[in-house]
Amino acid sequence: MPKVVIAGAGLVGSLNACFFAKRGWDVEVYEFREDIRTMEHVQGRSINLALSFRGKAALEYVGLKDYITEQGVAMYARMVHEPDGVTTNQQPYGHPGQHIVSINRRHLNEVMITQAEKFPTVKFFFEHKLRDTRIAEGQLIMERLNDKEKIVVTGDLLCGCDGAYSALRRSLMTYPRFNFSQEYIEHGYVELNILPKNNQFAIEPNVFHLWPRGSFCLIALANIDKTFTVTLFAPFNTFEEHLYDDTSVVQFFTKHFPDALQLIGSTELKATFNRVRPSPLVSVKCAPHSFGGRFLLLGDAAHAMVPFFGQGMNCGFEDCLVLSETLDACNNDISKSPRLELYLHKF
Ligand SMILES: Cc1cc2nc3c(=O)[nH]c(=O)nc-3n(C[C@H](O)[C@H](O)[C@H](O)COP(=O)(O)OP(=O)(O)OC[C@H]3O[C@@H](n4cnc5c(N)ncnc54)[C@H](O)[C@@H]3O)c2cc1C
């Protein structure tokens, strides 16, 4: 049976494991973190994500689409909140019935790990960090974090699903003809919450709430527990010049987002800004995404993008689907794939 090794059990790595298991491959997944299903608090990026058609198509292939979408909140339109704090207008996302889905990141990841584990050919190795790559030998060097033991692993395919700061991509960058660019945009983000009101959603749940204000904006996506995750995106200098203490934060929201301030509450707003610093946003491009018929980059490891498109995860899920179709077309030998031929680099 062919074997794939996947570095990273995030959204894309765990879905990719399901795809390979479905093709009957042996699958080993090495993840730096502990098993998130056993963790009390998972540190990471946005709490909820917008799942769109391309992401759903990939989930459908592994039989998870209906289950996952039922666990989210459908969003049929964008609701734009005007600066007066009263006026809103709605822009439908498509034809009646078409929608994107607000879904909890952690839950989605946990469901996909559990789904992958249902296949007897899949093994997860948590707290194992990809440290190095021996390209010519076709090997990945993992470190078992509890005893610092180095483990050499190999397989017919070796996939880097290890996110925007991918260790596999870093190793490939030392090879000729590998192109890479990385850009931190001037914006950062801070997440806030809107709590339920009388046990109900405080505002309309089935829309994507947007407060556009030129160089900065606020968004809110509903969660099934009737809260909303609210995200402020703004240039770092806006955070530094206008959101630096309790008074300035409340003033800023009173001026630009009066209706959102009412919903979040000034106490929660101040507490959040005292507790967290804005997180940066990085965009990564690289090419090729496949090497020597054996190494592959998928998801953010291949193409991290800013969240304004709402497509990073969706594109990563589509990567898994496209890879699967490519393997079908080339009978599991990517070195024979006309689709990937241009990207082959022999060592
Ligand atoms: C604020 C924000 C909002 C977003 N909203 C959306 C949205 O609405 N819709 C959307 O489609 N996308 C959205 N995205 C993008 C989305 O989060 C990413 O595209 C997605 O998480 C990429 O998944 P991934 O599995 O490739 O990477 P990650 O989710 O980063 O997972 C990588 C995994 O690899 C592990 N890892 C890292 N290094 C190593 C190593 N050396 N060895 C072993 N394991 C390792 C990590 O622990 C992690 O588990 C958003 C991003 C942000 C920041």
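The stretch 294-340: percent of C-alpha pairs farther apart than 15 Å?
48
Which one, Leu261, Leu232, Asn199, is farthest towards the positive end of the dipole of the stretch 177-284 when Lys and Arg carry +1 and Asp and Glu -1 on their Cβ?
Among Leu261, Leu232, Asn199, the one farthest towards the positive end of the dipole of the stretch 177-284 is Asn199.
Distance check, please: which entries in Lys3/Lys123; Lys22/Lys65; Lys118/Lys150 exceed 23 angstrom between their Cα atoms?
Correct reply: Lys118/Lys150.
For Gly138, what is the net charge nearby, where nearby means another residue's Cβ is under 12 Å from its Cβ and Lys, Arg count +1, Asp, Glu -1?
That sum, taken over residues with Cβ under 12 Å, equals +1.
Before I look further, what does the chain give for accessible area per residue, probe 1.4 Å, in whole square angstrom?
Value returned for the chain: 48 Å² of accessible area per residue.
How far is helix 11-22 tilted, in degrees, relative to the longest principal axis of the Cα atoms in the chain, given as a value from 0 to 90 rounded to the nearest 10?
It is inclined by approximately 40 degrees.
Can you give the angle from 0 to 90° between the axis of helix 312-329 and the longest principal axis of the chain, with both taken from C-alpha atoms, to the nearest 10?
30
Once the convex hull of the C-alpha atoms of the chain is built, how many Å³ does it hold per residue, rounded to a whole number?
Looking at the chain, the number lands at 153 Å³ per residue.
Show that you can apply the helix-only estimate: for the chain, add -39,500 (n - 2.57) for every DSSP H stretch of four or more residues, divide by all residues, and state [θ] at 222 nm to the nearest 500.
Theoretical 222 nm ellipticity from helices: -8500 deg cm²/dmol.
Tally Lys and Arg at +1 and Asp and Glu at -1 over the other residues with C-beta under 10 Å from the C-beta of Lys3: what net charge comes out?
-3
If you take the charge dipole of the chain about its Cα centre, with +1 on Lys and Arg Cβ and -1 on Asp and Glu Cβ, which of Pro83, Leu157, Leu145 is farthest toward its positive end?
Going by the Cα projections, it comes out as Leu157.
What is the dipole size for the stretch 1-68, taken about its Cα centre, with +1 at each Lys and Arg Cβ and -1 at each Asp and Glu Cβ, in debye to the nearest 20?
320
State the answer as a single residue: which of Leu243, Ile135, Phe20 lies farthest towards the positive end of the charge dipole of the chain, with beta carbon charges of +1 for Lys and Arg and -1 for Asp and Glu, about the Cα centre.
My answer, from the dipole projection, is Ile135.
At a 1.4 Å probe radius, carbon and sulfur cover how many percent of the accessible area of the chain?
50
Report ³J(HN,Hα) in whole Hz for each residue of the stretch 224-239, in order, from the Karplus equation J = 6.51 cos²θ - 1.76 cosθ + 1.60 where θ = phi - 60°; Gly and Pro get x.
5, 7, 6, 8, 10, 8, 10, 10, 9, 9, 7, x, 4, 6, 5, 4
Dividing the alpha-carbon Rg of the stretch 185-280 by 2.2 N^0.38 Å yields what?
This ratio for the stretch 185-280 stands at 1.03.
How far is the Cα center of the stretch 309-338 from the Cα center of the stretch 142-204, in Å?
First find each Cα centre; the distance between them is then 19 Å.
What does the charge count near Asn179 come to, summing +1 for each Lys or Arg and -1 for each Asp or Glu among other residues with Cβ under 13 Å from its Cβ?
Local charge sum for Asn179: +3.
For the stretch 122-168, state which chymotrypsin sites (Phe, Trp or Tyr not before Pro) are in a DSSP loop and have at most 13 other beta carbons lying within 10 Å of their beta carbon.
When the chymotrypsin sites (Phe, Trp or Tyr not before Pro) of the stretch 122-168 are filtered for loop state and at most 13 Cβ neighbours within 10 Å, Tyr165 remain.
Students often forget the sequence filter, so: which lysines lie under 18 Å Cα-Cα from Lys226 once same-chain residues fewer than 8 apart are removed?
Qualifying lysines at Cα under 18 Å: Lys197.
What nm value, rounded to one decimal, do you get for the distance between Ala329 and Phe180 when each label is placed 7 Å out toward the C-beta?
Output for this residue pair reads 2.8 nm.
List the GluC sites (Glu not before Pro) within the stretch 28-57 that DSSP assigns to loop and that have no more than 10 neighbouring Cβ atoms inside 10 Å.
Glu40
Between exposed trypsin sites (Lys or Arg not before Pro) in the chain, where DSSP calls loop and at most 13 other Cβ atoms lie within 10 Å, what's the longest gap?
178-345
Give me Rg over Rh for the stretch 5-105, both radii from the alpha carbons and Rh done the Kirkwood way, two decimal places.
Reported Rg/Rh, Kirkwood definition of Rh: 1.08.
Roughly how far apart, in whole Å, are the Cα centres of the stretch 263-280 and the stretch 92-113?
When both Cα centres are located, 26 Å separates them.
The values are calculated or read from the model by the stated rules, or taken from the named source; none is laboratory data. Every value quoted in this text rests on a predicted model; they were computed, and no experiment measured them. Glycine also receives a Cβ, built like all others from the backbone with ideal geometry; neighbour counts cover every protein chain displayed. For the accessible areas, the whole protein counts, side chains as well, though only heavy atoms, and no ligand, DNA or RNA atoms are used. Shrake-Rupley method; radii C 1.70, N 1.55, O 1.52, S 1.80 Å.
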